Amino acid sequence: MTQKNISAKKNCSVIQLGYNQYLDGSAIRQDFLETALKWISARDGIKIEDYMAQNQDAPNCNDIWLYFKKVMDWVKATFIEYRVIMKKVEWGILYNKYGEKNYDTKKLEAEIVKMLEDEDVTSSRGIYEYLFDGDERHLSIRKFSDKIKRAVYESQNKCCAKCGKHYPFEKMHADHIKPWSKDGHTTIDNCQVLCENCNRIKSDV
Ligand SMILES: [Zn+2]
């Protein structure tokens, strides 16, 4: 099996089946194949080169092609609305972890719309990953500006909102009183300034 003979046969199919709209780069070039190989190797927990080596005597590339189709069909079935940002998502990596479960597609769509409309979500591509693992880091939640942090710092008389000790501005952290996950926004009324220690204690909870 070589990269060339897979891509020559399958590139047309990628476009005919509409899979290219879920992939970054041009499917006419070899990008789709590289992507599929990366995903299937990740599934098996091995490097791309090792996958190629293990399958060099395979009579054809059906393994990778069938896997790739399963990934793409899962994406199409799970997400009822198509969006261009979907091109940026590593679908195979998500499929490897979550592809066996059946999700409530309408509920997923409603959550996506809510996050797209949320000004505090600054990474729209991260929405899809967040839906599955709930890790807010994918969303790059907006941070408080220095202007807001400064205003709150002054209103707290330059002291930490938790322990009440005085610290210089640079040593303080602007914190969401109500976390984003509980509908707290990045607005001044939801901002408190904490010292490093109190901020760390709060983050660990
Ligand atoms: Zn403190």
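Ordered from highest to lowest accessible area with the whole protein assembly present and a 1.4 Å probe, His173, His138, His166, His185 read as His166, His185, His173, His138.
Of the DSSP H helices in the chain, not one has a Cα length along its own long axis of 24 Å or more together with a mean Kyte-Doolittle hydropathy reaching -0.5. When nucleic acids and ligands are ignored and a 1.4 Å probe is applied, Asp175 ends up with an accessible area of around 20 Å². Here the accessible area of the chain is 49 percent carbon and sulfur, with a 1.4 angstrom probe and all protein chains present.
Summarising the amide proton neighbourhood of Lys162: residues at separation of 5 or more, or on other chains, whose placed amide H is nearer than 5 Å comprise Cys195. From its DSSP helices (H runs of at least four residues, each -39,500 (n - 2.57)), the chain gives a residue-normalised ellipticity at 222 nm of -15000 deg cm²/dmol.
Just list whichever of Lys147/Lys171; Lys149/Lys182; Lys143/Lys171; Lys162/Lys182; Lys97/Lys202; Lys182/Lys202 have alpha carbons separated by over 24 Å in the model shown. Write out the running numbers ahead of the final one.
Working: Lys147/Lys171 15 Å; Lys149/Lys182 21 Å; Lys143/Lys171 16 Å; Lys162/Lys182 20 Å; Lys97/Lys202 30 Å; Lys182/Lys202 15 Å.
From the list (Lys147/Lys171; Lys149/Lys182; Lys143/Lys171; Lys162/Lys182; Lys97/Lys202; Lys182/Lys202), the Cα-Cα distance tops 24 Å for Lys97/Lys202.
Within the listed set Ile93, Ile177, Ile64, the residue fluctuating most in the Gaussian network model of the chain (springs between alpha-carbon atoms under 10 angstrom) is Ile177. Projecting the Cα atoms of Ile48, Phe169, Thr187 onto the charge dipole of the chain (Cβ charges, centred on the Cα centre) puts Phe169 farthest toward the positive pole. With all protein chains in place and ligands, DNA and RNA left out, the 1.4 Å accessible area ranks Glu100, Glu34, Glu170, Glu111 as Glu100, Glu170, Glu34, Glu111, largest first. The mean accessible area for residues of region 146-204, using a 1.4 Å probe and ignoring ligands and nucleic acids, is 64 Å² per residue. Ranking Val121, Val14 from most to least accessible surface, computed with a 1.4 Å probe over the protein chains only, gives Val121, Val14. Exposure check, 1.4 Å probe, all protein chains in place: Lys101 carries approximately 130 Å² of accessible surface. Only protein heavy atoms count here; on that basis, with a 1.4 Å probe, Tyr95 has an accessible area of about 30 Å².
Of Leu139, Leu66, Leu116, which is the most mobile in a GNM of the chain whose springs link Cα atoms less than 10 angstrom apart? Highest fluctuation of the listed residues: Leu66. Comparing Cα centroids, region 177-205 and region 70-142 end up 26 angstrom apart.
The values are calculated or read from the model by the stated rules, or taken from the named source; none is laboratory data. Note that the structure is a prediction, hence the values are computed from the model and not measured. Cβ coordinates were reconstructed from backbone atoms using ideal geometry, including for glycine residues, and neighbour counts include every protein chain displayed. Please note that ligands, DNA and RNA were not included when accessible areas were found on the heavy atoms of the full protein model with its side chains. Shrake-Rupley method; radii C 1.70, N 1.55, O 1.52, S 1.80 Å.
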